[in-house]
1. Take the eigenvalues of the Cα gyration tensor for the chain, scale each by 5, and report the square roots as semi-axes in whole Å, largest first.
2. When the chain is fully extended, how far beyond the present Cα-Cα distance does Ser48 get from Val108, taking 0.36 nm per residue of separation?
3. Starting from the 7 Å offset along Cα-to-Cβ, what nm value, one decimal, do you get for the label separation of Arg309 and Val141?
4. Between segment 74-134 and segment 205-246, what's the alpha-carbon centroid distance in Å?
5. Round to the nearest 10 and give me the degree value, 0 to 90, for the angle of helix 230-249's Cα axis relative to the longest principal axis of the chain.
6. Mind running the shape call on segment 160-213? Use the C-alpha gyration tensor, a ≥ b ≥ c as the square roots of the eigenvalues: rounded below 1.5 for a/c, prolate if a/b tops b/c, oblate otherwise.
7. Write down the accessible area per residue of the chain in Å², having rolled a 1.4 Å probe over the full set of protein chains.
8. Using a probe of 1.4 angstrom, how much of the accessible area of the chain is carbon and sulfur, in percent?
Amino acid sequence: MTLASATVRSGRHGPPGSPHDKQTRPVHRHAGTWFLVLPALIPILILSVGPLLYGIALAFTDAQSGRTRSTQWVGGLNFQDLLHDALFWDSFRIGLLWAVGVTVPQFVLALGLALLLNQNLRMRWLARALAIIPWAMPEVVVGIMWRLVYNPDAGILNETIRDLGLGDGRDWLTGLATALPAVVVVGVWAGMPQTTVALLAGLQNTPHELHEAAALDGAGAWRRFRTVTWPVLRPVALSITALNFIWNFNSFALVYVLTNGGPGGRTRLPMLFAYEEAFRYGQFGYAAAMGCVMVAVISVILAVYLVGRLRGGEDR
């Protein structure tokens, strides 16, 4: 058998290891990779990307509930109405206050708790388990539990105030001045565990040798944290803070259960406002336009975060 006939029968145009053989291998490799990714990619396309694109398209229509005529294309009319909607921008301001008011204390308290749980304490495993209990509870359950805590007549908070002789207590969730701070406290309590776990994981990646060397050089606790711990922890801190801000800005269930946006709209977050427009008043197109604005804001925040991370990587 000649070499040419063997080549034809084997289906190759060259011997093994030839340039043609090397060019065909990446094709099969990429095909196999896509085959493995498809089971995870298809649900994302169906449940996330598809509804997102449909919502963007809906924002340019006058879609409403209970209408017999067909939906009409209105272009950017919904977005023009949003520009002059004082209630929406007020909810947007409340959403930013809520997101910042929850994210900042959440990070500070979680950092302190993570530093404490990173110490060599007795029963540390139990303390770590107890610290993540709020994370394991559904937001609806958390909201119901804290409604009982804030109950004006029999809530544990007002009962404690009365027992200490500090007054008769107050209705925390319906007071115009106390509703938003009371809800922020619940948001901080419910969101601390995941922040604590992330920061604790970052702390455990800090080499102990660096702390020992800094201690031998006479560095105090604050200086060791600033020069040894924080440089290692900073990427984790930036990541979890950005994710927490996005998550808090998009909050719905917790505030819905606690106050339903009241009193007088003082806790009406943008997501709650869009929900009311869609499912209480039936303005699906207008609510979709609100969703597009919120997606745009979140995209800008993500872009700023990613640019900062890339610049930080270049500096290192």
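1. Taking √(5λ) for each eigenvalue gives 46, 37, 18 Å, largest first.
2. 18.4 nm
3. Result: 3.1 nm between the two label points.
4. For segment 74-134 versus segment 205-246, the Cα centre distance is 23 Å.
5. Between helix and principal axis, roughly 70 degrees.
6. prolate
7. So the chain comes to 62 Å² accessible per residue, rounded to a whole number.
8. Exposed carbon and sulfur together represent 67 percent of the surface.
The values are calculated or read from the model by the stated rules, or taken from the named source; none is laboratory data. Note that this is a predicted model, so its numbers are computed, not measured. Don't worry about glycine lacking a Cβ; one is built from the backbone with ideal geometry, like all the others, and counts go over all protein chains shown. For accessibility, only protein heavy atoms count, side chains too; no ligands or nucleic acids. Shrake-Rupley method; radii C 1.70, N 1.55, O 1.52, S 1.80 Å.
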